[in-house]
Amino acid sequence: MLEVSRLTTRYGAISALRDADLHVGSGEVVGLIGPNGAGKTTLLGSIAGLLSPAAGSVTFEGADITGRSPEKLLRLGVALVPEHRRIFGDLTVEENLKIGGITQSRDERAELLHDMGERFPVLREKRTVAAGYLSGGESQQLAIARALMSKPRLLMMDEPSLGLAPVLVDVVFELIETLRSQGRTLLVVEQNATRMLEVADRAYVLRSGEVVAEGTGADLRARPDLFDTFVGGNGQ
Amino acid sequence: MTELLQNLIDGLGRGSIYALLALGVAVIFGVMHLLNFAHGELITVSGYVAFWTINEGWSWYLVTPVIIGTAIVTSLVIERVAFSRVRGSSDFTLLLTSFGVHFVVSAIFLLYVSASVKTFSEPGWVADTFPVGSLNVEVYDAVVIGVTLVTLLGTSWLVQRTMFGLALRAAAADFDTARLMGVRSDTVIRGAFALSGLLAGIAGVFWLMRSGHTTPTVGITPMLKGVLAALIGGLGSLRGAVLGGFVLGLAEVLLRSRLPDSVASLTEGFVFLMIALLFIFRPQGLIRVAHAERV
């Protein structure tokens, strides 16, 4: 479904990502793990169109989408829940969700809004509240629900558990589990490598801007050279 | 008491026009962080359209929609020709570009039309008044205040209740994230320029109706009033811009009528002094905007 080939992205003279190769099959849940500054966010940003890659290509369902704008990619079915959630704090919860569904027809948007209310009761309860007043866990749910409003075929999430209390981290991973059981295709950046490998079919390990390993949870855990990824990075 | 009420009505009339201009400045600043010093060019172009059409014998009823349409189209053309090329550049580049647009438009009229003042006749009712109790209300002020009220309500509906308005607010808060949600940057930015043009067009009709003349630099004063009012209100805040417009209009009228005759001609100076004081004590303007800087 998604094929990333030799992707390189630079900030000025610094290559934040070098020659990254990655693929995600339809219905797969793929993790991207590695320490801070490894290039995980850069990789997602380059796929989603927020950053322009200097070299390499991104193919989605057979079409070359390298360097396309985020608004075009969203219409093709690629959605990103950005790092730090980036909720529109001055808009209400419902308005945030509506923005997520801006590409849908009026009727479809209403239906999706109803679905999100069923799936995330707290969002329905607080739908008229300015989203800036939500707790960390609530705003993470809003960020994910907002992305789901576009009916994405590939949903990418950047650090969905970051900054959440342990009990809320559980909620996020349960949600990933649920999305997985619905057959959704997910590409998730997580510092919490141990938890991620439990829910992912496969994962890629990034370090200093390069993909250094790929495999199932069992494969990766068996590699002594990656020990620090699980313990050093952010074991929680 | 009567005099104060009279001042209030005059100030509201003047403030209405400033509010429309400031709102146009604030809408653009909100979505692309451009402090648009070319906003007055919409009035300049409208002024020549008024000059050409009215001297052809067109009535103001016909000229009004033509002016508004001209302002909208001019706003979109300026976006296409100038601002779309510097989208995403630093705020300073955008600011300089807007000065550039101002000079180029003035120069076009200076070179290809004339440097001299071009006059056209105002509508007959502009100077008419009608009595309300002990007050004498100008028909002009009543029309300006009424139309502005309707325009502000319409704008508020557009911004608060439509998907376009939602996209505009989301883009103003966080442009990148709005694009990730599928908000088209072209749609939002062009929409903002069209809205800004519409508001400037309405303000322009009122401005020109009263002044009855145009020059290549006729847009400077309305532009300054609009930018100042937007600054007073707190840049980027739409409510603030409207509030700033009315505050500026009322301040001008009250100062002019209250100052002793010998210094009344210095009203502008006193207004600027008050604005300077406001920024010393409240640099963020009357209404604070959380996202005043782009992240």
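The values are calculated or read from the model by the stated rules, or taken from the named source; none is laboratory data. None of the values given here were measured: they were computed from a predicted structure. Note that we place each Cβ from the backbone using ideal geometry, even for glycine, and neighbour counts take in every protein chain shown.
The conditions of being without any contact (Cβ under 8 Å) to a residue 40 or more places away in the chain, closer than 23 Å to residue A:202 by Cβ and within 14 Å of chain B (Cβ to nearest Cβ) are met by residue A:73. Take residue A:28 and tell me if it is surrounded by fewer than 18 Cβ atoms within 10 Å (Cβ to Cβ) and of a type outside the set (Lys, Arg). Answer is no for this residue.
Got a sec? Which of A:30, A:81 is under 30 Å from residue A:228 (Cβ atoms), within 10 Å of another protein chain (Cβ to nearest Cβ) and β-branched (Val, Ile, Thr)?
Working: A:30 fails: within 10 Å of another protein chain (Cβ to nearest Cβ).
Selected residue: A:81, the only one of A:30, A:81 that is under 30 Å from residue A:228 (Cβ atoms), within 10 Å of another protein chain (Cβ to nearest Cβ) and β-branched (Val, Ile, Thr).
Within region B:158-187, if we keep just the residues that are surrounded by 23 or more Cβ atoms within 10 Å (Cβ to Cβ) and β-branched (Val, Ile, Thr), the residue that is farthest from residue B:117 (Cα to Cα) turns out to be B:177. Return a yes/no flag: does region B:158-172 have any residue that is more than 14 Å from every other protein chain (Cβ to nearest Cβ) and aliphatic (A, V, I, L, M). Yes - at least one qualifying residue is present in region B:158-172. With (1) surrounded by fewer than 18 Cβ atoms within 10 Å (Cβ to Cβ); (2) modelled with pLDDT of 95 or more; (3) small (Gly, Ala, Ser) as the list, and residue A:101 as the residue in question, which single condition is left unmet? Here residue A:101 clears every test but (1).
Residues in region B:32-46 that are over 23 Å from residue B:107 (Cβ atoms) and buried (at least 24 other Cβ atoms within 10 Å of the Cβ): 1 in all.
So that you can scan it fast, the table gives a plain yes or no per residue for (1) out of contact with any helix residue (DSSP H, G or I) (no Cβ under 9 Å at 6 or more places or on another chain); (2) among the basic types (Lys, Arg); (3) surrounded by fewer than 19 Cβ atoms within 10 Å (Cβ to Cβ):
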| site | (1), (2), (3) |
| --- | --- |
| B:202 | no, no, no |
| B:219 | no, no, no |
| B:230 | no, no, no |
| B:236 | no, no, no |
| B:239 | no, yes, yes |
| B:242 | no, no, no |
| B:270 | no, no, yes |
| B:281 | yes, no, yes |
| B:288 | no, yes, yes |
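Listed residues B:90, B:116, B:59, B:106; which is closer than 25 Å to residue B:237 by Cβ and out of contact with any Leu (no Cβ under 8 Å at 6 or more places or on another chain)?
Details: B:116 fails: closer than 25 Å to residue B:237 by Cβ; B:59 fails: closer than 25 Å to residue B:237 by Cβ; B:106 fails: closer than 25 Å to residue B:237 by Cβ.
Every option except B:90 fails the conditions.
Scanning region B:88-137 for residues that are loosely packed, with under 14 Cβ neighbours inside 10 Å, out of contact with any strand residue (DSSP E or B) (no Cβ under 8 Å at 6 or more places or on another chain) and in a loop (DSSP other than H, G, I, E, B) turns up B:88, B:90, B:114, B:115, B:116, B:121, B:133, B:134. If you go through region B:118-136 and pick out every residue that is touching a helix residue (DSSP H, G or I) at 6+ places or on another chain (Cβ under 6 Å) and of a type in the set (A, V, I, L, M, F, W, C), you end up with 4.
Restricting attention to region B:180-195, does a residue exist that is assigned to a helix (DSSP H, G or I), modelled with pLDDT of 95 or more and of a type in the set (Lys, Arg)? Yes, region B:180-195 contains a residue that is assigned to a helix (DSSP H, G or I), modelled with pLDDT of 95 or more and of a type in the set (Lys, Arg).
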